[in-house]
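The numbers here are math on the coordinates, done by the rules we state, and not lab data. If you're wondering where the values come from, they're calculated on a predicted model, not measured in any experiment. Positions of Cβ are backbone-derived with ideal geometry, glycine not excepted, and every protein chain shown enters the neighbour counts.
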């Protein structure tokens with residue numbers, strides 16, 4: 001549509017250019033006529049002034065004069081043939097063409113507006129079509145989901161019917177015998193009885209021979225201090241750095257244990273022992289409950305009148321403790337238990353004369369301090 005309007009404008013401009021060209025042609029013809037007359041006059045003058053007349057030149061001059069006259073007559077005829085009102089007619093025609101161009105431009109603008117409206121309507125129709133496609137897709141997805149849920153419901157109903165059929169075919173079961181549970185009765189251990197400690201961790205039971213190991217390690221440590229002369233006296237104590245360096249050289253020989261990794265460490269000025277359970281070295285529930293297992297042989301070897309069991313129980317090992325406690329009760333070994341936190345570690349003092357610093361001053365004499373009451377809930 002826009003290219004058509006530009007074509008109409010170019011046609012109107014062409015008519016203006018045509019009128020200018022025609023005027024220029026008339027002017028050129030007039031100038032040619034004047035130049036021709038001047039040329040003929042000059043030729044006649046040259047001939048008249050020549051003393052010798054050449055017939056051939058005269059004949060050629062006559063022919064040129066005749067041709068010039070003929071051209072002059074043609075130009076005059078063309079000038080006479082033109083109507084003086086032709087310019088006005090051209091102006092009228094140009095005005096009519098401009099009016100037509102304006103009408104065409106108005107029509108073009110109207111058609112452009114209509115085209116824009118159609119384009120807007122087409123865009124709206126496209127959006128509506130896209131929304132309709134989305135709705136159709138959502139309906140299709142909802143149908144798939146509904147079909148899937150329907151299949152799951154059908155399968156659930158079939159499974160329920162199958163279980164009901166199995167339940168109908170299953171004979172009635174008698175209730176298991178009631179389990180007798182005795183309430184704990186905390187009381188003190190027998191006078192002079194020695195405790196045997198068991199650590200329940202990782203759902204395993206570890207026997208802790210801390211007293212025997214402590215005595216052996218203390219004697220070896222004191223012998224090392226004496227042999228290497230590491231004790232600087234009561235005001236200085238044992239040289240901690242040298243002692244730990246020398247002790248680590250042969251500590252593997254005296255720190256061996258079947259159930260624990262034993263480590264000597266320093267707390268303030270005192271040496272202490274840490275017992276860390278070795279992986280999978282304790283007795284699991286099956287071994288504890290098994291007749292003539294290593295754990296049961298250990299318990300049965302104890303004198304019931306001289307020993308009692310003390311179980312230290314971590315949160316992850318209550319099942320192992322209950323199994324071990326049942327075995328102890330069955331053989332008549334007195335026992336008690338002590339719950340501990342998840343990150344609890346078994347540590348104990350080394351004892352003896354080794355101190356890594358000055359010996360503490362004795363407290364001034366004064367009012368006697370009453371000793372704390374003895375635990376009475378060692379066993380239950």
At a 10 Å Cβ-Cβ cut-off, how would you order 265, 356, fewest neighbours first? 265, 356
Over all directions, the average projected area of the alpha-carbon convex hull for the range 173-312 comes to how many nm²? 13.5 nm²
Arrange the following residues from fewest to most other Cβ atoms within 10 Å of their Cβ: 238, 288, 197, 30. 30, 197, 238, 288
Given the Cα-Cα distance of residue 100 and residue 55 and 0.36 nm per residue of separation, how much length would full extension add, in nm? 9.7 nm
Treat the count of other C-beta atoms within 10 Å as a stand-in for reagent exposure and order 344, 337 from fewest to most. 344, 337
Sorted largest first, the Cα spans of the range 242-354 on the principal axes come out in Å as 51, 29, 28
